[in-house]
Amino acid sequence: MDYVDEIFARSDLQQIREFLLHGTECIKISPFSYKERIEHTLKKLMVRLHEEYPNEQEYEEITALVFDYASALEEVNMEIGLQVGAALCGQMYQNFKNALAGE
C-alpha cells in the first residue's frame, strides 16, 4: 500500500475523532450507526445500574445524575466540535486563497 492509499485508509471520521480526542489511531472502526452505538452502550449501563440499584427511587436518582453528566459532555463536545470545524474551515479557506494567489 502506498502513502496515498494509507491516507485514504485513515480518512475516516472515527480515525479523525481518535486523533483529535486522544492523539492516537483508532484501532477498531465500528461498523454500527451512531444510534446503534449509543443504544448498545446505554443498554449495558441500564442493566448494570438496575443490578446495583434495585430500589426504583435510588435507580432514578443515579440515572438522573448519569444523564446530567452525559448531557454536559454532549454539550461541551458539540461546542468544541463546532469550533474545531470552523477553525479547519478557516485554514482551508486560507490555503485555497493562497493557492489562487499563486503562493
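The values are calculated or read from the model by the stated rules, or taken from the named source; none is laboratory data. Computed from a predicted structure; not experimentally measured. FYI the Cβ positions are ideal-geometry reconstructions off the backbone, even for glycines, and counts take in every protein chain you see. Protein only, heavy atoms only, side chains kept; ligands, DNA and RNA dropped before computing areas. Shrake-Rupley method; radii C 1.70, N 1.55, O 1.52, S 1.80 Å.
On inspection, residue 82 qualifies as modelled with pLDDT of 90 or more, open to solvent by 100 Å² or more (accessible area, probe 1.4 Å), closer than 30 Å to residue 6 by Cβ and within 16 Å of the chain's Cα centre (by Cα).
Select from the range 24-66 the residues that are of a type in the set (A, V, I, L, M, F, W, C) and open to solvent by 90 Å² or more (accessible area, probe 1.4 Å) and list them in ascending order. Once the filter is applied, which keeps residues that are of a type in the set (A, V, I, L, M, F, W, C) and open to solvent by 90 Å² or more (accessible area, probe 1.4 Å), the range 24-66 yields 27, 32, 38, 65. Of all residues in the range 33-84, which are of a type in the set (Val, Ile, Thr) and more than 16 Å from residue 17 (Cβ to Cβ)? Passing the criteria: 47, 62, 63, 66. The set of residues in the range 37-73 being over 30 Å from residue 14 (Cα atoms), part of a helix (DSSP H, G or I) and of a type in the set (Ser, Thr, Tyr) consists of 59 alone. Got at least one residue in the range 13-23 being of a type in the set (Asp, Glu) and open to solvent by 80 Å² or more (accessible area, probe 1.4 Å)? Taking every residue of the range 13-23 in turn, none turns out to be of a type in the set (Asp, Glu) and open to solvent by 80 Å² or more (accessible area, probe 1.4 Å).
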